[in-house]
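A.B. asks: I am attaching a structure below and will ask some questions about it afterwards.
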Amino acid sequence: MDKYVLWAGIVGAFSAISLLIGSVIGVTFKLPKTCIGLFAAFGAGALLSALAIELIAPTITAFTSATNEIDRLRESHHFLVLVSGCAFGGVIFVLLDQLVNAKGGYLRKTAYILSKVAIERKSFHQKALHELIKSHIFFNLPYEKISLVINHFRPRFFNAGESIFVQGDKSHGIYMIRKGIVEIYQQDHPQPIQLGHGEIIGEISFIAGRPYSADCVAKTNVELMLLTTHEFESIQKQVPEFEQRLKDLAAERLDENKKFSEQENMEKQRWTSLAIDAIHHGTTIPSREEMGSRHAEHKNAAFAIWLGIMLDGIPESFIIGSTIIAAVLAANLAGNEPSFWSILPYTLIAGLFLSNMPEALSSSQQMKLQGMSSLKILLLWGSLVVLTGLGAALGAAISEHVGHGTLIFIEGIAAGAMLTMICAAMLPEAAHLANSNLVGLSTLAGFLCSILFKLLE
C-alpha cells in the first residue's frame, strides 16, 4: 500500500499547486475585485459539488440502496456517523478559526476584516455612548436621535504633543473628546484653554464654514470622535436639533459662557441613567482607514494568515488520501488491479484546485499589506503545497488501518469543516467583492463544472 500513500501525496500536492499559481498572480498583478470575487464564488461552487459527490453521496447512496434489513441497519448507522462527523467538523473548524483569527488570521479575508471591524465599531460606539451621553450637547434629545448621531462619529487617536488642527486649516468636521485633555491656543488668550472628556472642539469654524481660528494640540494621549462634514450632512435633516445644539454651543463659546447650574447637572444625571437603559445600536460600515489600521495591530499577522489558510486546507488535503484509499479498497473488492488514473477523485481534485487559486490570490495581497516580500509570500505558499501533499499522504496512511465506519466519520469531519469554511469565508468574501447576483451565477457555474469532472471517472 506504500505506493498508494505516495500517489495520495502526489495528488494532494497537485491539487494545491493552484495556491502557488494564485500567489504568483496576487503578488504580480492587481486584479479587479469583481474578478477575484467571481473566481472565489466559482471555486466555492466547485468545492460544494466536490464534497457533495465525493464525501456525502456515497454514504447516502449506500443507505438508500440497502436491500435487506441487516444492510439497511448497517448503512443507517453509517449515515448517522457521517452526520455526527459533519457536525463535529463544523464546530472544530469554527473554534480553531476563532483562535487563529484572534492572532490576526482574519486578515486573510476582506469579509473577515469587515466583520471584525464592524463588531469592534459597534462595541466602540456602545462604550462611547455610555461615556459621552452626559455631554450637554445631547441633553434631552430623543434617544433614537442620539443613537443616530453617535453612530456617525469616527474614532481618531493622537499622542501627547501632537497637533489636531492648526489655525488657518480648513474645517473638516467637529471633534468630541472621549479620553484625554486637549489645549486650545488662541491669539487673544495668554493661556491655553484646556478641554476634556465630553467637550466639543472645532464647532465654531465648522458652523461658520471658515478655517480654524486657533491651534489645537493634544496635551495627553487623547481619543477623539470625529463627525466629518459629509457625515454631518447625512444626519442634518434627520436630527435638526443637533445642528441647533452646535450653533448654541458655538455661541456659548464665543460668549465664553460655559457654566451650568447645579440643578441642570442633577437633571442630566437622572436623564442619563434612563437614556443608557433605553438606547439601542445598529452596526455601521467600517471606513477604509479603520480596515487599514487592523494590519498594524498584529505584528505577526502574516504568520497568522498562513496558519488560517493552512486550517482551511487541512480537511481538504486529508480527505484526498482517504478517498484514494477508499477507491483502492473498492477496486480490490471488485477483483481489479487499481491504477493511478482509475482511483483519482477527479471531482474532488477539480473542486480543490479551482477553490485554492482565488484563496491564494486575495490572501497574498493581504500579506503584501503586512510588508512581506514577494519571495517570502511565495515561499509560504510553496510550503502549503508541500504540507497539503503530506496531509494527503497522512490521510491515506491512516485510512489503511481504520474501519469503514471510522473512515466515514473522518469524511464527515472533512465535509463539515469544508462546508463551514465555504459558508463562513469563501461566499461572504465573494459577495463583498462582486455583485451578489453575479456571485450566485458564478457559484452555480462552479458547481456544474465540477460535476462534469465526474464523467472522467
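The values are calculated or read from the model by the stated rules, or taken from the named source; none is laboratory data. Since we're looking at a predicted model, the values are computed, not measured. Glycine also receives a Cβ, built like all others from the backbone with ideal geometry; neighbour counts cover every protein chain displayed.
A.B. asks: Does the range 389-398 contain any residue that is buried (at least 24 other Cβ atoms within 10 Å of the Cβ) and either among the polar types (S, T, N, Q) or not assigned by TED's automatic domain parsing to the domain that holds residue 434 (or both)?
C.D. replies: Checking the range 389-398: not a single residue is buried (at least 24 other Cβ atoms within 10 Å of the Cβ) and either among the polar types (S, T, N, Q) or not assigned by TED's automatic domain parsing to the domain that holds residue 434 (or both).
A.B. asks: Which one of 380, 387, 394, 444 is modelled with pLDDT of 85 or more and more than 20 Å from residue 349 (Cβ to Cβ)? Explain how you work it out, then say what you get.
C.D. replies: Details: 380 fails: modelled with pLDDT of 85 or more; 387 fails: more than 20 Å from residue 349 (Cβ to Cβ); 394 fails: more than 20 Å from residue 349 (Cβ to Cβ).
Going through 380, 387, 394, 444 in turn, just one is modelled with pLDDT of 85 or more and more than 20 Å from residue 349 (Cβ to Cβ): 444.
A.B. asks: Out of curiosity, is residue 425 closer than 25 Å to residue 60 by Cα, of a type in the set (Gly, Ala, Ser) and under 19 Å from the mean Cα position of the chain (by Cα)? Walk me through it before giving the result.
C.D. replies: On the way: closer than 25 Å to residue 60 by Cα: no; of a type in the set (Gly, Ala, Ser): yes; under 19 Å from the mean Cα position of the chain (by Cα): yes.
Answer is no for this residue.
This table checks each residue for (1) of a type in the set (D, E, K, R); (2) in contact with a Pro (Cβ under 8 Å, 6 or more places away or on another chain); (3) more than 19 Å from residue 51 (Cβ to Cβ).
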{"site": "400", "(1), (2), (3)": "yes, no, yes"}
{"site": "410", "(1), (2), (3)": "no, no, no"}
{"site": "414", "(1), (2), (3)": "no, yes, no"}
{"site": "420", "(1), (2), (3)": "no, no, no"}
{"site": "423", "(1), (2), (3)": "no, no, no"}
{"site": "427", "(1), (2), (3)": "no, no, no"}
{"site": "436", "(1), (2), (3)": "no, no, yes"}
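A.B. asks: Answer with yes or no whether residue 317 is out of contact with any Asp or Glu (no Cβ under 8 Å at 6 or more places or on another chain) and assigned to a helix (DSSP H, G or I).
C.D. replies: Values: out of contact with any Asp or Glu (no Cβ under 8 Å at 6 or more places or on another chain): yes; assigned to a helix (DSSP H, G or I): yes.
So residue 317 passes the test.
A.B. asks: Would you mind stating whether residue 192 is out of contact with any strand residue (DSSP E or B) (no Cβ under 7 Å at 6 or more places or on another chain) and not hydrophobic (A, V, I, L, M, F, W, C)?
C.D. replies: Numbers: out of contact with any strand residue (DSSP E or B) (no Cβ under 7 Å at 6 or more places or on another chain): no; not hydrophobic (A, V, I, L, M, F, W, C): yes.
Taking the combined requirement at face value, the residue does not satisfy it.
A.B. asks: Further, regarding this structure: Would you mention how many residues in the range 410-454 are under 30 Å from residue 397 (Cβ atoms) and among the small types (Gly, Ala, Ser)?
C.D. replies: So the count comes out to 8.
A.B. asks: Next up: Here are the criteria: (1) modelled with pLDDT under 80; (2) among the charged types (D, E, K, R); (3) under 28 Å from the mean Cα position of the chain (by Cα). Tell me which single one residue 411 does not satisfy.
C.D. replies: Here residue 411 meets the rest and fails (1).
A.B. asks: Given the residues 184, 177, 204, which is the only one that is aliphatic (A, V, I, L, M) and over 17 Å from residue 161 (Cα atoms)?
C.D. replies: Details: 184 fails: over 17 Å from residue 161 (Cα atoms); 177 fails: over 17 Å from residue 161 (Cα atoms).
Unique residue meeting the criteria: 204.
A.B. asks: Which one is nearest to residue 178 (Cα to Cα), of the residues in the range 191-242 that are in contact (Cβ under 8 Å) with a residue 24 or more places away in the chain and among the charged types (D, E, K, R)?
C.D. replies: 223
A.B. asks: With respect to the numbered conditions (1) more than 25 Å from residue 148 (Cβ to Cβ); (2) surrounded by fewer than 20 Cβ atoms within 10 Å (Cβ to Cβ), which one is the sole condition not fulfilled by residue 208?
C.D. replies: With (1) more than 25 Å from residue 148 (Cβ to Cβ); (2) surrounded by fewer than 20 Cβ atoms within 10 Å (Cβ to Cβ) applied to residue 208, the lone miss is (1).
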